[in-house]
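Let me begin by presenting the structure, written as structure tokens, before commenting on it.
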Amino acid sequence: MNAAVLAVALCLASAAAYAAAAVAQERLARAAAARTARALLRNGAWWWSAGLNTAAALLHAAALRYGPLTLVQPLGALTLVAAVPLGARRAGRRVAAAEWRGTLATVAGLGLLLLPASGPAPHDTLTLSEALAVSGATAAAIGLLTVRGDVRSGLRHATASGLASAAASALTQTVAVAGGRGGALLSGRVLAVAGLVAVFAVGGMLLSQQAYRGGLGAPLAVVNLANPLAAAAIGMVLLGERLQGGALGLLLAVAGAVAAARGVLLLARTAPDGGRTQPAAPPAVAGRVAA
């Protein structure tokens, strides 16, 4: 099987698992039982969502073994597309027309993005110093986004979650590619980077749990925009990844990004009951889950 096709197939499975986990996390985030980290750890449904996140992360890691960041990360937006019907089914309603329009726009945008992003399987990996630099810059950005705990911090936490996921993906690709080479799996660099992956993966999940207190659509949309943009920047700056097709490829990527953003915004502005979103009520307790 072609490496790019295999990467896409693994991404689809990963997106489905992430979507199921996001729906479960959003329901927990709205429940009084999920107001503290201790309450989450005692909740069996949260462990179920954590298991789904773990399975999705493993599938995502496998996809990064066969596809570049510029291909794999945009497909993460399919999590939002899958979460829409899953969330509607859990809420006992039909998917609204605005949600279908947003879904179609997102899929069309992703299709345009994938055409120039479908490059060869990755070979370059981050050096240890580059991995530490990415980790430090990401941690600093997350700190700036989450230092304030006001009632409007949901989208900032979602952005921070997207950055954490992007860093984890870039680091995971280093583990997957370098670890797949003979004798490199237990090297000091691979083990150190694997430890950083664990930190950002868990941090991203807790940050998203915090963000979902205001609802699923808008925070998940922000996560799915911040994640591929940050990962693409890492891939192009540090891993030598490039869009295919020159100027035409760039135009397709821009058009795809605009269409996907339009779709994501349509999905984000649809309330859980199928109508337009209303301002979320302030959470009773803020900032404890990600603490």
Rounded, prolate or oblate, given the Cα gyration tensor of region 207-267, with a/c below 1.5 counting as rounded? oblate
Rounded accessible area of R27 (nearest 10 Å², 1.4 Å probe): 110 Å²
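Using 0.36 nm times the number of residues separating R148 and L251, minus their current alpha carbon distance, what extension gain do you get? Intermediate results must be reported in sequence, preceding the final value.
Values: separation 103, 0.36 × 103 = 37.08 nm, distance 3.79 nm.
Working it through step by step, the gained length comes to 33.3 nm.
Taking the highest mean first, how do the peptides 93-102, 80-89 order by number of other beta carbon atoms within 10 angstrom per residue? Could the numbers behind the result be given before it?
Details: 93-102: 16.4, 80-89: 20.3.
Answer by packing, highest mean first, reads 80-89, 93-102.
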A correct Karplus calculation of ³J(HN,Hα) over region 42-54, with 6.51 cos²θ - 1.76 cosθ + 1.60, θ = phi - 60°, whole Hz and x for Gly and Pro, returns 8, 9, x, 5, 5, 5, 4, 5, 5, x, 5, 4, 5
Separation of the N43 and V202 label points, Cα + 7 Å toward Cβ, nm: 1.9 nm
Simple spin-label estimate for A98/A137, 7 Å along Cα→Cβ, in nm, reads 3.7 nm
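The values are calculated or read from the model by the stated rules, or taken from the named source; none is laboratory data. Because the structure is predicted, anything quoted here is derived from the model rather than measured. No Cβ is skipped: glycine too gets one built from the backbone with ideal geometry, and neighbour counts run over all protein chains shown. In case anyone asks, the SASA skips ligands and DNA or RNA and just uses the protein heavy atoms, side chains included. Shrake-Rupley method; radii C 1.70, N 1.55, O 1.52, S 1.80 Å.
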